[in-house]
Amino acid sequence: MPTFADINGQRPFGRVADTQPDRVNMRLLVIEDDRDAADYLVKAFREVGHVADAAIDGDDGLAMAIDGQYDVLIVDRMLPKRDGLSLIGALRAKGIETPCLILSALGQVDDRVKGLRAGGDDYLPKPYSFSELLARVEVLARRRVGRSEETVLRVGDLELDRLSHQVRRGNEEISLQPREFRLLEYLMQHAGQVVTRTMLLENVWDYHFDPQTNVIDVHISRLRSKIDKGFSQPLLHTIRGAGYMIRDGAR
Amino acid sequence: MTALGKLFRTTTFKLTLVYLTVFGLFAAFLLGYFALNTRRLITEQITDTVNAEITGLSEQYRQGGIRRLVIVVDARARRPGSSLYLVTTFAGEALAGNVTSLPPGTLDNPGWTETAYRRLDEADAADHPEHRALVRVFQLPGGFRLLVGRDLDERERLYNIVLAAGRWSIAIVIVLGLAGGLFVTRRVLRRVDAMTETTRTIMHGDLGGRLPVAGTGDEIDRLAENLNVMLERIEALMRGLKEVSDNIAHDLKTPLTRLRNRSEQALRTAKTEAEYRAALESTIEESDGLIRTFNALLMIARAESGQGRDDMREFDAAEIAHDVGELYEPLADEKGIMLKVEADTPAPVVGNRELISQALANLVDNSIKYAETVNGAAGEIVVRALTEGERILLTVTDSGPGIPEADRGRVVERFVRLEQSRSQPGSGLGLSLAAAVARLHGGELVLADNKPGLKSVIALPRGGPVQVSG
C-alpha cells in the first residue's frame, strides 16, 4: 500500500530540488497514455532539472526507449497498442537494462509482484505523489552507480561497517538495534537522495501496506537521537513533504 | 388443458409412461407364456393318455379280435367325459364309438389330427355346435381303424380364462399405473410449482424468499435445502455489498464534501497567496486521506471476495508478532505505552504473510490509539503468538477502555464501525480489515474483554483456509 507523502507547507518540487545539492540531471521517459498525467510529469521533472520526454502508447514508448539514452523509464501499466509489462519484457529481451518504474492503478501486492517479475525495477500504485515518484526515480537512476557492494558506508564522519555490523561516528561507537542498523544502512546506501517513508517500509521492513499511523517517523527520530545527538553537524535530515535524507551537511 | 398439458410434459409423467409400458409388456409376456405353456401341458397330457389307451385297446384287439375291441370301446364310449372313441371297418363303417360328423378323410390319415366332430348323442341336434378334438387314428391289423381322442373344450376354456385374466390385469395395470403416475406427478408438480413460484419472487428482487421444504427428506427437499443455503449466501453477499456501498458512500462522501467546501471557501474568502496555499495543502491532505480510505475499502473488498488466497505459504506467526511489535514499539514508547511481545515458540501457519502482518499491525495500531486515549502513562500492550490445537492465535491485549460488550460483535462484522471510531484519525477501517483478513484465511477476529482493556485475537487455522463446500 502506498503512503502519500504529506506535502505540508512545502512547494513540493522546488523544495526537493533545494535540498539535493548533489543531484545529477537525468534523462527520463514517461510512457503514459493519459496526456494530462504525462504532461504533468514531464513538466514537474523539468522543473526539478531533469530532461523528460513523453510517449503516449506502448509502441512509441518502446521505440523511444530503444533509441534514446534514458536513465529511467516511467511506464504506465495499461497502455494502448502494447501494455507496460510487455514493453518492459521486449526491452529486456533486447538486452536493454534501463531501470523501469511501473505506474499502475492496480495497487495490490500480487499486481506489484507481477510487475516486478516482468522486469520492472520498482512499482508505484496510482494515485501517487510526485515527491514519492521523484525519490524512487532518483534511487533507480543511481542504482547503476550503486553503493550496494561497498562493505563500509561513509557519510561525513559517520561510518557503517556492513560486515562487522559496527557503526561509529567520529571516534564514538554507536550501538544500534538490528532494525535500526538496516534502516541506517538503507539511508546510507542512498546518501544524498530522498528516501520516502514507503520506500523505507518496503525496503527495511518488507511491508507493502499503509501502516496508517506514521510509525516510520518514530523509528527515524530514534535513529536520529543515536547518530546525531551530541554532534554539531546533523546528518539525518527530514525533507518535508517527501521523506528523509542522510547527507554530509558540511559539503 | 394447459394444466393437463403441463402434467403430461413433466419428467415424472414421462417416466411413469415408460415404466408402465415396460411393466405392461412384461405382464403380457408373462401371462402369454403362462397361457401357452398351460395349453402345451394339457396337449401333452392328452397325447400321453390317448397313446396309453391306444396301446391298451390294440392289446385287447390282439387278444380278442374285433369283437372284443368293439365291446370294450362300446363300454368306454358310454362313460361320460371328454374321451372320444371310434372303431370302423376298412370301408369306414362305424362299429362302435361316440363320435360322428368327422370331416371326410380324417380316418384315412393315421396319426394325430385336430378336427371338428359331433358327439354321437348330439348328432341330430342341429343347434349343438361342432366341438373340436385332438384325435389319433390307428390302423389295426386286418383293415380296421381305431380312433381315440379327447375333446379340446376344456383346454380352450382354460386358455381363454388365462387370456381374459391377462387382458384384464394388463388393463388394470395400465389404469392403476396411469392414475398413480398422475397422482405422483401432480404431487411433484405442485412442489416444483411452489418452488418455481418462490424463485420467481426471488428473481423479482425479494431475496428474503425461501423455497418450501416438505420435511420428508427426499431429493426435492434436499435440493430445496441446498438452494436455500445458496440463497442465504447470496443474500448475505448482497447485504454485504449494500453495506459496502453505504459505507463507501459515507466514508468517501464525507471527506469529499469537506474537500469541496474548503475549496469553495478558499475561492470565496482567500485573499493572500498564503491563504490559497493553506487551502491547497489541506486539499492535498484531505485527498490523501480519501485515497487511504479508498485503498482500505478496496483491500477489504478484495479480502472478502477471496483474493489473496493464491499467495499463501507457510511462515512463522511468532516472527510476525516480533516484527510488528518492533515496528510499533517506538510509537507506543513515544506515547508512554509499554509494548511487549510474548512469542518465544515458533507458531508456523499457512497464509498470506503480508495481509496477516497488516491485520496484526492494525490491531496494534488500534490499541495504541485507544490505550493512549484513556490513560497515557500507565498503558500497556502485549502482542502474543500462540499455537492452540489446530489454530494459531495472534493476540493483542491493551489496557485501554476496551469495547463495550454489546458492540463487540458488530465491530467485527464487515464494514460495521462504532460511531465514535469514525471521528478517530486514520481510515478507521482497521478492525474491519483485520476481520476480513482472518475470514479470508478461514479464521476469525475475536474481540474480548481484557479486564480492563481490549483483547483482540486473530485466530487462524494452522493449515490455511479449508475450501468450504456446499
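What nm value, rounded to one decimal, do you get for the distance between residue B:268 and residue B:25 when each label is placed 7 Å out toward the C-beta?
9.0
Roughly how crowded by other chains is peptide B:282-292, in terms of the mean Cβ count from those chains within 10 Å of each of its Cβ atoms? Intermediate values should be presented prior to the final figure.
Details: counts 1, 0, 8, 4, 0, 2, 8, 1, 2, 11, 6.
Across B:282-292, the average partner-chain Cβ count within 10 Å equals 4.
May I ask for log10 I(q)/I(0) of region B:73-179 at q = 0.14, 0.15, 0.20 Å⁻¹, from a Debye sum over the Cα atoms as equal point scatterers with solvent left out?
-0.61, -0.66, -1.01
What does the charge count near residue B:462 come to, summing +1 for each Lys or Arg and -1 for each Asp or Glu among other residues with Cβ under 11 Å from its Cβ? Walk me through the intermediate numbers first.
On the way: positive: B:391; negative: B:314, B:388, B:390.
Charge balance in the 11 Å sphere: -2.
Assuming R0 = 60 Å, can you tell me the calculated FRET efficiency for the pair residue A:94 and residue B:242, based on Cβ-Cβ distance, to the nearest 0.05? Each step should come with its number before you reach the end.
Working: r = 51 Å, r/R0 = 0.85.
With R0 = 60 Å, the Cβ-Cβ based efficiency is 0.75.
I'd like the mean, over residues of B:324-336, of how many other protein chain beta carbons sit within 10 Å of each residue's own Cβ. Could the numbers behind the result be given before it?
Numbers: counts 4, 0, 5, 10, 5, 6, 12, 8, 2, 2, 5, 1, 0.
Mean partner shielding for this stretch: 5.
Residue B:100 to residue B:310: extension gain in nm, 0.36 nm per residue of separation minus the Cα-Cα distance? Each step should come with its number before you reach the end.
On the way: separation 210, 0.36 × 210 = 75.60 nm, distance 10.24 nm.
Working it through step by step, the gained length comes to 65.4 nm.
For region A:170-250, what does the alpha-carbon gyration tensor say about shape, rounded, prolate or oblate, given a ≥ b ≥ c as the root eigenvalues, a/c under 1.5 as rounded, and a/b over b/c as prolate? Mind dumping the intermediate values first?
Working: a/c = 1.85, a/b = 1.47, b/c = 1.26.
Here region A:170-250 falls in the prolate category.
Add +1 for every Lys or Arg and -1 for every Asp or Glu among the other residues with Cβ under 14 Å from the Cβ of residue B:260, and state the total.
Numbers: positive: B:253, B:258, B:262, B:268; negative: B:264, B:286.
It works out to a net charge of +2.
Need one number: nm distance between label points at residue B:172 and residue A:152, each 7 Å from Cα along Cα→Cβ, rounded to one decimal.
11.4
Extent of region A:59-162 along each principal axis, from alpha carbon coordinates, in Å, largest to smallest?
Reported extents, whole Å, longest axis first: 52, 30, 23.
How long is the protein assembly as shown along each principal axis, judged by its Cα atoms, biggest number first, in Å?
Cα spread of the protein assembly as shown along its principal axes, largest to smallest: 165, 66, 60 Å.
Please compute the contact order of chain A in relative form: average sequence separation of alpha-carbon pairs under 8 Å and at least six residues apart, divided by the residue count, as a percent.
Working: 411 pairs, mean separation 49.3, N = 251.
Value for chain A: 20 percent.
What net charge is computed for the residues neighbouring residue B:95, neighbours being all others with C-beta under 14 Å from the C-beta of residue B:95, Lys and Arg scored +1, Asp and Glu -1?
Around residue B:95, the surrounding residues sum to +2.
Going by how many other Cβ atoms sit within 10 Å of their own, how do B:120, B:256 line up, fewest first?
Numbers: B:120 17, B:256 13.
In increasing order of surrounding Cβ atoms, one gets B:256, B:120.
What is the extension gain from residue B:448 to residue B:179, computed as 0.36 nm multiplied by their sequence separation minus the C-alpha to C-alpha distance, in nm to one decimal?
That pair, residue B:448 and residue B:179, stretches by 90.5 nm at full extension.
Where does chain A land at 222 nm, in deg cm²/dmol rounded to the nearest 500, when only DSSP H runs of n ≥ 4 count, each adding -39500 (n - 2.57), divided by all residues?
Details: 9 runs with 96 residues, N = 251.
The helix-only estimate for chain A comes to -11500 deg cm²/dmol at 222 nm.
Let me check against my output: what whole-number percent is the relative contact order of chain B, with C-alpha pairs under 8 Å and at least 6 apart? Display every interim value, and only then the final one.
Details: 663 pairs, mean separation 46.7, N = 470.
Contact order relative to length: 10 percent.
Would you mind getting me the FRET efficiency between residue B:74 and residue B:158? Use the beta-carbon distance for r and R0 = 35 Å, nearest 0.05. It would help to have the intermediate numbers written out before the result.
Values: r = 30 Å, r/R0 = 0.86.
Once rounded, the FRET efficiency stands at 0.70.
Given a Förster distance of 22 angstrom, what is the FRET efficiency for residue B:342 paired with residue A:206, based on the Cβ-Cβ distance and rounded to 0.05?
Details: r = 23 Å, r/R0 = 1.04.
Approximately 0.45, to the nearest 0.05.
Spelling out what I want: for every residue of region B:224-231, take phi, set θ = phi - 60°, compute 6.51 cos²θ - 1.76 cosθ + 1.60 (Karplus), and round to whole Hz; glycine and proline get x.
4, 4, 5, 5, 5, 4, 4, 4
Run lengths n ≥ 4 of DSSP H only: what is the helix-derived mean residue ellipticity at 222 nm for chain B, with -39500 (n - 2.57) per run over all residues, to the nearest 500? Working shown, then result.
Working: 9 runs with 269 residues, N = 470.
About -20500 deg cm²/dmol.
Rounded to whole Å and sorted largest first, list the principal axis extents of the Cα atoms in region B:229-385.
63, 51, 28
Under 11 Å from a label point 7 Å along Cα→Cβ of residue B:194: give me every residue in region B:213-254 with its amide N that close.
What the label zone holds, given the 11 Å backbone N cut-off, is B:213-216, B:221.
Using per-residue counts of other Cβ atoms within 10 Å, averaged over each peptide, order A:76-87, A:184-195, B:280-291 from highest down. Mind dumping the intermediate values first?
Details: A:76-87: 19.5, A:184-195: 22.2, B:280-291: 17.2.
Ranked from most to least packed, the peptides come out as A:184-195, A:76-87, B:280-291.
Given the peptides B:312-318, A:113-119, B:452-458, arrange them by the average over their residues of other C-beta atoms within 10 Å, most packed first.
Values: B:312-318: 18.0, A:113-119: 16.4, B:452-458: 22.4.
The peptides rank, most packed first, as B:452-458, B:312-318, A:113-119.
All of the numbers you see were taken from the coordinates with simple rules; none came from a lab. This is a predicted model, so every value here is computed, not measured. All Cβ positions, glycine included, derive from the backbone under ideal geometry; neighbour counts span all protein chains shown.
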